[in-house]
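K.L.:
To start, I am sharing the structure in question, which I have written as structure tokens.
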Amino acid sequence: MVEPEYVATIGLEVHVQLDTVSKMFCACRTSFAAPPNTAVCPVCLGYPGALPVMNRKAVEYTVRAGLMLDCDIQSHSKFDRKSYFYPDMPKNYQISQYDQPLCQGGGVEIDTDAGTRIIRLRRIHLEEDVAKNMHFAQSSGVDFNRAGTPLMEIVTQPDIESADEALGFLQTLKALMLYSGVSRCNLEEGNMRCDVNISMRPAGREALGTKAEIKNLNTFKGVQGALLYEIDRQADVLRGGGEIVQETRRWDVDVGKTFSMRIKEDDHDYRYFPDPDLMPVVLEPKEIADWRQELPEAPRARRVRFVEQYELPDYDAGVLVADKAVADYFEEAADLSSNSKAVSNWIMTEMLRMLAEREGAITDVLIRPAALAELIGLVDDETLNSNSAKEVFVSLFEDGGMPAALVKEKGLAQVSDSASIEAFVEQAIAENPKSVSDYKAGKTKAAKFLVGQVMRMSQGRSNPQLVMKALESRLAD
Amino acid sequence: MTEKKDNEALDVAYVARLARLELADHEIRDFQGQLEDIVGYVRKIQELDVSGVEPTAHPAPVVNVFREDVVGPSLKREDVLNNAPLHDEDQFLVPKIVE
């Protein structure tokens, strides 16, 4: 393969909304769906003289996230004012952390085509979200419900080299955040938003090129699309002998292009200074150690364990651990079953498909892990054939309950006694002389047809292997 | 020489622009002089040996002022919107923001 002419250097800033019930500096509820301006107070509206008081849980969650991402937790940290003028922030500064964030360093291990890589982190700081603007014909509207929601900003080192790596990083980060329980990571509700920095340089040259920043991407697809476009655009400019302008750009998803936002450099002079309204945060080593102790098993470790403990293929383990709730469900069911691979198969196929169709969550699903384990037992001891098992699964998925009772109630148990099967086989042979002669002439398709006839006569409940066997021995006479 | 360099660092026109303040030329000149006096006064601290003093943002030795993550009452929307010069039934209205 030919070396690419230009290589990309990409860094991400990911805003992750913390899953607290109240806001960062006031007691208003954090609510995505509330009617506009109904979860607001003097603090989050930025009234002069209103005093912010820090939400303890937001600090705890940021530290827990930092521990999950191998960061160094800072024993001393503080909050600063970041000055800027925009109608989403009427006090004209955002409370953020400048030079003493809660977490420094850390990294995220991701899978790439060339093996695993570590994307190093620079820092994680805690800040308040801003209001939401809506644009009308003559004016813009401002809704302050979101203002003051606690946000973590996770900043990477410029370690990412392609749009696919950026996507892989975000997916892995999301899984880690869901595992640590600090955010719901709901992209539709804007729980994760991303700014990207990207520059290009000729392959083999050390010094980084001039970067462009693309702001406020709220889907992973958007990040990927914007990066693919920007990599091409910058390479084209450079190949043509042009220069990249340092600027902020906006991704237009409908057009599939980025556009310059022409922001003056002045606007980036945020004049940070310590917020006199907020006292520093000092974390005791004991406190940090306790949180470290409570960290859940990381998805990577869990994947390895699933392969060893449940003898799953690595692929299955990867699919299951990608979502903590799915992995938890699997583990509960597999511990009750003697057939872990079957548990994995049911979850990866029927369960995830039906959940996706209904946009449901596995945590709310009516078929409980014990029921799935019991269903697999009924298939393994040949009480149910695979068609009936699917029917039972759907019924349990929709209405709950336990499979053994349902099988009894609906008479779904597989017909395995030879007398009944032989009777059906006789009938099928008598009714289909053409197929019988075809079979005798060596057409195997005819046998399948006859088995199908028996299955139909028994409403799909016969054991197909036994039917085949009975047919073969009867027609061999 | 140092004095000159520090004075250059104080660009009143630039600071005013950042703060969205519209200043006339004579105001810029006036404030330049006044602000330089203030900065010069504060600069006296550089004459002291503070090498053994930790930088601090707060005079009070208080840390970890937290509230628990508990929801409290918010304001009534009607009252909130009535404080604004312009609003519709559920939002504040501002001059149209152009990106």
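The values are calculated or read from the model by the stated rules, or taken from the named source; none is laboratory data. Fair warning: this is a prediction, and the values are worked out from it, not measured in the lab. Cβ sites come from the backbone with ideal geometry, for glycine too, and all protein chains shown count toward neighbours. Keep in mind that these areas ignore ligands, DNA and RNA; they rest on the heavy atoms of the full protein, side chains included. Shrake-Rupley method; radii C 1.70, N 1.55, O 1.52, S 1.80 Å.
K.L.:
State the Cα centre-to-centre distance between the stretch A:368-418 and the stretch A:263-328 in whole Å.
P.N.:
So the separation of the two Cα centres works out to 39 Å.
K.L.:
Nearest 10 degrees, 0 to 90: what angle lies between the long axis of helix B:25-43 and the longest principal axis of chain B (Cα atoms)?
P.N.:
70
K.L.:
While we're looking at this one, here's another question. Could you order A:Phe32, A:Phe85 by accessible surface area, starting with the largest, using a probe radius of 1.4 Å?
P.N.:
Putting A:Phe32, A:Phe85 in descending order of accessible area: A:Phe32, A:Phe85.
K.L.:
For A:Lys57, what accessible surface area do you get with a 1.4 Å probe? Give it in Å², rounded to 10.
P.N.:
My reading of the accessible area for A:Lys57 is about 70 Å².
K.L.:
So for A:Ile214, A:Ile244, what's the accessible-area order with a 1.4 Å probe, most first?
P.N.:
I get A:Ile244, A:Ile214, largest accessible area first.
K.L.:
Based only on the alpha carbon positions, what is the Kirkwood hydrodynamic radius of chain A, in angstrom?
P.N.:
Its Kirkwood hydrodynamic radius stands at 26.7 Å.
K.L.:
Under 4.7 Å Cβ to Cβ, no partner at all: give me those cysteines from chain A, in residue order.
P.N.:
So, A:Cys26, A:Cys28, A:Cys41, A:Cys44, A:Cys185, A:Cys194.
K.L.:
Given springs between every Cα pair under 10 Å in a Gaussian network model of chain B, which of B:Ala57, B:Ala84, B:Ala16 has the largest fluctuation?
P.N.:
Maximum fluctuation in the GNM of chain B, among the listed residues, is at B:Ala84.
K.L.:
Return the average number of partner chain Cβ atoms within 10 angstrom of each residue Cβ along peptide B:80-91.
P.N.:
The per-residue average across the peptide is 4.
K.L.:
To the nearest 20 Debye, how big is the dipole of chain A about its Cα centre, given +1 on the beta carbon of each Lys and Arg and -1 on that of each Asp and Glu?
P.N.:
Approximately 660 debye in magnitude.
K.L.:
Go ahead and estimate [θ] at 222 nm for chain A from helices alone: -39,500 (n - 2.57) per DSSP H run with n ≥ 4, summed, over the residue count, rounded to 500.
P.N.:
Computed ellipticity for chain A at 222 nm equals -12000 deg cm²/dmol.
K.L.:
In Å², what does the accessible area per residue of the stretch B:1-94 work out to with a 1.4 Å probe?
P.N.:
80
K.L.:
Can you sort A:Ser260, A:Ser199 by solvent-accessible area, 1.4 Å probe, largest first?
P.N.:
A:Ser260, A:Ser199
K.L.:
Enumerate by residue number the GluC sites (Glu not before Pro) in the stretch A:260-361 meeting two conditions: DSSP loop (anything except H, G, I, E, B), and at most 15 other Cβ atoms within 10 Å of the site's Cβ.
P.N.:
Those that pass, being in a loop and sparsely packed, are A:Glu294, A:Glu297, A:Glu311, A:Glu359.
K.L.:
Could you give the dipole magnitude of the stretch A:6-290 about its Cα centre, charging the beta-carbon of Lys and Arg +1 and that of Asp and Glu -1, in debye to the nearest 20?
P.N.:
Charge dipole of the stretch A:6-290: 480 debye, to the nearest 20.
K.L.:
In Å², rounded to the nearest 100, what is the total accessible surface buried by chains A and B against each other with a 1.4 Å probe?
P.N.:
Counting protein atoms only, the buried area is about 3900 Å².
K.L.:
Another question, then. I'd like to know which of A:Trp291, A:Val392, A:Phe220 lies farthest towards the positive end of the charge dipole of the protein assembly as shown, counting +1 on Cβ of Lys and Arg and -1 on Cβ of Asp and Glu.
P.N.:
Checking the options against the dipole of the protein assembly as shown, the answer is A:Val392.
K.L.:
Taking loop as defined by DSSP and a crowding limit of 16 other beta carbons within 10 Å, which trypsin sites (Lys or Arg not before Pro) in the stretch B:61-99 fit?
P.N.:
B:Lys76, B:Lys96
K.L.:
Oh, and also: Compute, for chain B, the length of the dipole vector about the Cα centre, with Cβ point charges of +1 (Lys, Arg) and -1 (Asp, Glu) only. Units Debye, rounded to 20.
P.N.:
I would put it at about 80 debye.
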